[in-house]
Structure formats: C-alpha cells, structure tokens
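Encoded as structure tokens, the structure appears first; notes follow it.
Just so you know, all these numbers are worked out from the coordinates, no wet-lab data involved. For clarity, every value in this text was computed on a predicted model and none was experimentally measured. Cβ placement follows ideal geometry from the backbone for every residue including glycine, while neighbour counts extend to all protein chains displayed.
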Amino acid sequence: MATSKQTKIIPLGDRVLIRPFKEEEVKKVGNFKIILPESISKEKSDQGKVLAVGEGKMVDGKLQPVRVKVGDTVIFSKYGFDEVKQGEEDLYLLKEDNILAVVK
C-alpha cells in the first residue's frame, strides 16, 4: 500500500485514489493535443494523478499488487468510480480494473 504524504484516504484491496485533472490540465497531458468540444468540456475528467493505492487483491491465494503507483498519470473509465471528498478537493476512488492506461 502506498500513499502520498498529504493523503489521508487509504484505499483497500485493489482500489486506487485519483485526483482528476481539471479541464486546463487535461489539454496539457503528454505530447498530444486533446480537442474538447464545448458540450463535452463540462463532463468530468477521465484522466488524473494517482494519490494512493491499496495493497492489491487475492488471486488463487496469492496477493497480486496493484500495477499503478503513486504519481502515475492515468486514464480511467468515466463511469467506474466513486467520488470522495478530502477537505475541499473532490477525488475519485476506483478499482484497478477501471484504469484503462498509464500515460508516460
């Protein structure tokens, strides 16, 4: 289990805590451009930074650790998360299976 120093929410199992990027941050991620039509710009982000990860899940009696790590930038399913609040910040808590890719 790994968490950033300021994170107080500790995910369990194969869950991951993510800070979703704001619209202006999404446009800057990587060496590619993302064009957001006006109608889509009000939707929730599907990219963010990993703040904490759980210890993993049991598979055939063995602990399989989570493959992403704190600090990774990830793309995740828009509908596969739970919203949680830490202070004034909105964060997403989701299972590792709902992470689609890591952005390098």
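Per-residue extension of 0.36 nm, minus the Cα-Cα distance of Lys104 and Lys44, leaves a gain of 19.4 nm for this segment. Neighbour counts of other Cβ atoms within 10 Å put Tyr79, Tyr92 in the fewest-to-most order Tyr79, Tyr92.
For Gln86, the residues 5 or more places off, or on other chains, whose built amide H falls under 5 Å of its own are Leu91.
Between Val59 and Asp82, the FRET efficiency estimated from the beta carbon spacing at R0 = 22 angstrom works out to 0.45.
Database remark: amide H of Leu100 closer than 5 angstrom to the amide H of Ile75, Phe76, Ser77 (H placed geometrically; neighbours at sequence offset of 5 or more, or on other chains; Pro and chain starts carry no H).
Counted by neighbouring Cβ atoms within 10 Å, the residues Ser77, Ser45 run from fewest to most as Ser77, Ser45. Among Glu88, Glu55, the ranking by other beta carbons within 10 Å of each residue's beta carbon, starting with the fewest, stands as Glu88, Glu55.
Computed from backbone phi with θ = phi - 60° and the Karplus coefficients 6.51, -1.76 and 1.60, the 3J(HN,Hα) list for the range 9-23 is 8, 10, x, 10, x, 9, 8, 10, 9, 10, 9, x, 6, 7, 3 Hz; x is used for glycine and proline.
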